[in-house]
Every structure is written in structure tokens, then in C-alpha cells.
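To keep things clear, I will list the structure first and then write my remarks on it.
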Amino acid sequence: MPKPMLQIALDTLTVDEAIENVEKIYKYIDVIEVGTILIASQGKKAIKEISNKYKDKIIVADGKIADAGSVFAMMFFDNGADFTTAICAAETQTIKSVLDTAKLYGKDKDVQIELTSNFNWKQVEEWKKIGIKQVVYHRSRDAQLAGVNWTQNDIKTIKKFDEMGFKVTITGGISLKDIEFFKDVNVYIFIVGRSIRDAENLSLEAQKFKDQIDKYYA
């Protein structure tokens, strides 16, 4: 089973704070996410500054695009994003326009569909037909705060996506013990945000996540 990558979610309010976080954990992460909150706060310059500084990492602009797909995609890829996200509620044509625009910037540029609980398998078939290869399986921030835990239904759904040929990224308050919970499913990327950013020692916490991934995906 391929070893998942580790992604840091930078949902900070300033680019300076985001870079300060990355500097402490740089050697342990594979993917840097310019989070939706950071994009809303600092705009496309956040993507540009971070992508210019960390050229050897995959840069995700978590735009959660819902409309005007090509417009947002151009802004994000123009400023150095490798991947961007579209929300699952977006029209298929919007998602296609994001993907088509991504490919204008290079074969390695891609689109991830950010899943909420409000998607259906007919939509998933449509995404597959237009060439989408990545989904982000997401437990919402509000659900986490309400104490919603991962279940075997989540495992079942992730396995179905995997069987359909999708690369599955998992996010939503990922903790160290969650890595073990998902050890029997193919995971492309684990996204960790506050579990690392709010730690007393960011570097040590990031190392623990990397070690946990190495342990269960040897």
C-alpha cells in the first residue's frame, strides 16, 4: 500500500504566521495548503508568497471553488498552486472548467473535489467521466467541535472511492490515533491543521505524525 503524504493546512490569518509555522515543520511535510481562511484573509498573494518560498513542496490552494471555475482556477494557478479544490456542490460544468484550466498550466496540475455530506454517487460518476482523479474526504470543522467521530461507514465510503480509481485525501481534525484507524485503506494525503499548529512544539508534533504514517504504512 503506498505511503500517504502529510499535508499542513495553513488556516491562519496572515502569510507571516503561515510561513512561521512551515519553517518549524518543513522537513516533515510533503504538501502545503494555503487554507480557505488564509486565502479569504490575504488573497492570492498568500499563494504566491508561499509557492515562491517552497518550490519543492506541492502547493494546494484550498479555494473550495463553487462557481466561476476558470476565473478562480486562473488566479490560483497563476500564483503557483499545484492543486486547487472545488466543492462537491459545484455544477459538473464548473468542475470541468476548473480541471480544464488546471491542465493549461501543466499535466501535473490537478483538482481535488472537497466532499461534504451532501454528495451522491451519480455526481461521483460524472466527476470520473470528466477526468477528476482526486477527492478530499472531509469531516467538517463544526462536526469536529460537536464531537462527531470517524466510523466504519467512513472506511466503507473511502474504500468505494478507492475502488473507483480515485486518490483519497482525508481531513477534519486528524489526530495521531486517526492514522491507525485508517491504516487498512489507501490514503493519498493526510491533512493536519490545528493538531500541529496548536501544539506546544510544532516540529515534534509533525515528526510524530510522520512517524505514525511510517509505522502503519510501512
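Numerical summary
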{"read-out": "Only listed residue being crowded, with 19+ Cβ neighbours inside 10 Å and either more than 19 Å from A9 (Cα to Cα) or among the hydroxyl-bearing types (S, T, Y) (or both), chosen from T151, T157, T169", "value": "T169"}
{"read-out": "Looking only at the range 172-190, and only at residues there that are in contact with a Lys or Arg (Cβ under 9 Å, 6 or more places away or on another chain) and not in a loop (DSSP other than H, G, I, E, B), the one that is surrounded by the fewest Cβ atoms within 10 Å (Cβ to Cβ)", "value": "E180"}
{"read-out": "Matching helices (runs of 4 or more DSSP H) fully within the range 1-92 where at least 1 residues are more than 25 Å from Q123 (Cβ to Cβ) and among the β-branched types (V, I, T)", "value": "15-25, 36-42, 44-53"}
{"read-out": "Leading residue by the ranking (surrounded by the fewest Cβ atoms within 10 Å (Cβ to Cβ)) among those in the range 41-58 that are over 19 Å from H138 (Cβ atoms) and among the hydrophobic types (A, V, I, L, M, F, W, C)", "value": "A46"}
{"read-out": "Flag if G165 is free of Cβ contacts under 8 Å to residues at least 24 places away in the same chain, under 30 Å from K55 (Cα atoms) and part of a loop (DSSP other than H, G, I, E, B)", "value": "no"}
{"read-out": "Residue check, K167 farther than 19 Å from F72 by Cα, basic (K, R) and modelled with pLDDT of 95 or more", "value": "yes"}
{"read-out": "Matching entry among L104, L13, L99 (being within 24 Å of R139 (Cβ to Cβ) and at pLDDT 95 or above)", "value": "L13"}
{"read-out": "Qualifying residue in the range 191-200 (condition: among the acidic types (D, E) and either closer than 25 Å to D110 by Cα or surrounded by fewer than 18 Cβ atoms within 10 Å (Cβ to Cβ) (or both))", "value": "yes"}
{"read-out": "Filtered residues of the range 26-40 (kept if touching a residue at least 24 places away in the same chain (Cβ under 8 Å), over 16 Å from the mean Cα position of the chain (by Cα) and within 13 Å of D62 (Cα to Cα))", "value": "none"}
{"read-out": "Check on V135, under 27 Å from E180 (Cα atoms), modelled with pLDDT of 95 or more and outside any helix (DSSP H, G or I)", "value": "yes"}
{"read-out": "Subset of the range 181-208 (residues that are under 16 Å from the mean Cα position of the chain (by Cα) and either among the aliphatic types (A, V, I, L, M) or modelled with pLDDT of 95 or more (or both))", "value": "N186, V187, Y188, I189, F190, I191, V192, I196"}
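The values are calculated or read from the model by the stated rules, or taken from the named source; none is laboratory data. Quantities reported herein were computed from a predicted structural model and do not represent experimental measurements. Positions of Cβ are backbone-derived with ideal geometry, glycine not excepted, and every protein chain shown enters the neighbour counts.
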